[in-house]
Amino acid sequence: MQHDYDILIAGGGLAGNCLALALKDSGLRIAVVEANTRQQLHDSPAGDRALALAAGTVTKLDELGLWQGVSHAAMAIKHIHVSDQGHFGKVRLSAEKEQVAALGYVITARTIETHLAELVEQAGIKQLCPARVVGLMAGSEQVNVSLKHGQESVIATAKLLVGADGGNSSVRNLLEIPQKRTDYDQTALVTTVKSSLPNNNTAYERFTSSGPLALLPIDANHSAVVWTRTNDDAEALMSGSEADFLAALQECFGYKLGEFSLTAPRRAFPLSLIRAGQMLAERTVIIGNAAHQLHPVAGQGFNLGLRDVVQLAEMLVEQHQNGKDIGALEFLQTFAKVRQQDHDRTIAFTDNVVRIFSNDWLALAVVRNIGLGVLDQLPAAKSLLAKYAMGLG
């Protein structure tokens, strides 16, 4: 069995498979290493999570040939409504006013992951599954990667190893790349609700003293809930009854969408900002959640990871076409430098939103509500915010 490749991608999830798909016609020999079977990936609770796709992200997915197969299962966001609980400030964005079909789309992760895996398989890209990276050693011309492939131990070689294996990245851990971690003392409560009134393709972001509450439209009367609470509050809400949970959710959001009923299990995810100290090592680069994990407040996690993928794919194709070494340290350093500004800006924006809107300090509440109120009256500023939300800013 061949175990000599140009690129070895660790991680057969969204980031890894998107990269493989982006490189399918590049002439590079590619293999994807995934620790879980297709069935395990499909059955994972993580597949239930709703992804808020910026319009710019949808454009990139369309260029990959992915969007056409999943667009029927996506719900367009035509309006965004931002408010602050207990205060007057609000901002309303409209796709019609921005002269676009949608400000973004909502889709379940499982829908994209399943279709993406099918496209990778159809493209004939080599998949080592279930297999996991258990060791690696880089040399001047290649990286040697030790794999546990089923019951077999295998050594695979590549000019470049890409770690796209998520927040608990084996590649990052083996390279001993440090992480900077900021704990928010918050937990995201995730579920789906049915509302007695239609959502009219509106995504709601409601800020509260304990954290933001997002409702993302899935269909006319269903919305995905991402409710950020303090760890203590979240524990109490998860241990209590569904009726108590719904009553608290209804009190927090209000009755703009009528009455809620739960249509999916409640799940809880502790929240932190995690960023790798570096994106590269010799003949190795890490992308997506292996490099950065964000608070879900602005829905930027997958969008940021996909921009890593697209940038890396474009640079790899150019490097290969020019007959240059795709694993050269200088090349990887250039990629990391190109991505740094986007990482810095997106991570800082997300972190600042969390800190500004997750507290009940009166002076700050007054300032932020005046800001929201003024912003709602300035078309140019709202248009700029809308472009940022769409991933076009």
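Coordinate-derived values only; no laboratory data. The structure displayed is predicted, hence computed values, not measured ones. Don't worry about glycine lacking a Cβ; one is built from the backbone with ideal geometry, like all the others, and counts go over all protein chains shown.
Please express the shape of the chain as an equivalent ellipsoid: the semi-axes are the square roots of 5 times the eigenvalues of the C-alpha gyration tensor, given largest first in whole angstrom.
Working from the Cα gyration tensor, I get semi-axes of 38, 22, 20 Å.
Take every Cα pair under 8 Å in the range 228-308 that's 6+ residues apart, average their separations, divide by the length, and report that relative contact order as a whole percent.
RCO, the range 228-308: 20 percent.
Listing THR57, THR230 from the residue with the fewest other Cβ atoms within 10 Å to the one with the most, what is the order?
With the sparsest Cβ surroundings first, the list reads THR230, THR57.
Using Cα pairs closer than 8 Å and at least 6 residues apart in sequence, work out the relative contact order for the range 177-230, in percent. Provide the component values of the computation, followed by the final result.
Values: 97 pairs, mean separation 22.1, N = 54.
Dividing the mean separation by the residue count of the range 177-230 yields 41 percent.
Taking amide H positions as placed in the peptide plane 1.01 Å from N, state which residues far from VAL134 in sequence (5 or more) or on other chains have amide H under 5 Å from it.
SER146, LEU147, LYS148
Taking the chain as a Gaussian network, Cα atoms linked when under 10 Å apart, which of MET279, MET315, MET75 shows the biggest mean-square fluctuation?
Judging by the Gaussian network model, the answer is MET315.
Once both axes come from the Cα atoms, what is the angle between helix 242-253 and the longest principal axis of the chain, in degrees from 0 to 90, rounded to 10?
70 degrees
Taking only the alpha-carbon atoms of the range 211-363, what semi-axes of the equivalent ellipsoid follow from 5 times the gyration tensor eigenvalues under a square root, in whole Å, largest first? Before the final figure, lay out the partial values.
On the way: eigenvalues 323, 57, 37 Å².
Equivalent ellipsoid semi-axes, largest first: 40, 17, 14 Å.
Relative contact order (percent) for the chain, with alpha-carbon contacts under 8 angstrom and 6 or more residues of separation?
21 percent
Quick check: the angle from helix 379-389's long axis to the longest principal axis of the chain, C-alpha only, nearest 10 degrees?
Rounded to the nearest ten degrees, it is 40.
Hey, got a sec? Which GluC sites (Glu not before Pro) in the range 179-278 land in a DSSP loop and have at most 13 other Cβ atoms within 10 Å?
The qualifying sites are GLU259.
Can you work out the base-10 log of I(q)/I(0) for the range 90-191 at q = 0.14 1/Å, using the Debye formula on its C-alpha atoms alone?
Taking Cα atoms of the range 90-191 as identical point scatterers yields -0.88.
Can you find, among LEU160, LEU136, VAL106, the residue sitting farthest towards the positive end of the charge dipole of the range 99-164, where Lys and Arg contribute +1 and Asp and Glu -1 at Cβ?
Comparing the listed Cα positions along the dipole, LEU136 ranks first.
Loop only per DSSP, at most 14 neighbouring Cβ atoms within 10 Å: give me the trypsin sites (Lys or Arg not before Pro) in the range 265-354, ordered by residue number.
Those that pass, being in a loop and sparsely packed, are LYS324.
Longest segment of the chain with no chymotrypsin sites (Phe, Trp or Tyr not before Pro) in a DSSP loop having at most 16 other Cβ atoms within 10 Å?
On the way: sites that count: PHE88, TYR255, TRP361.
The longest uninterrupted stretch comes out as 89-254.
As a test of the formula, what do you get for the chain when each DSSP H run with n ≥ 4 contributes -39,500 (n - 2.57) and the sum is divided by the residue count, at 222 nm and rounded to the nearest 500 deg cm²/dmol? Could the numbers behind the result be given before it?
Numbers: 11 runs with 140 residues, N = 393.
-11000 deg cm²/dmol, from helical runs alone.
Given axes a ≥ b ≥ c from the Cα gyration tensor, I'd like to know whether the range 1-79 is rounded (a/c under 1.5), prolate (a/b larger than b/c) or oblate. Please report the intermediate quantities before stating the final value.
Working: a/c = 2.98, a/b = 1.50, b/c = 1.99.
Cα axes put the range 1-79 in the oblate bin.
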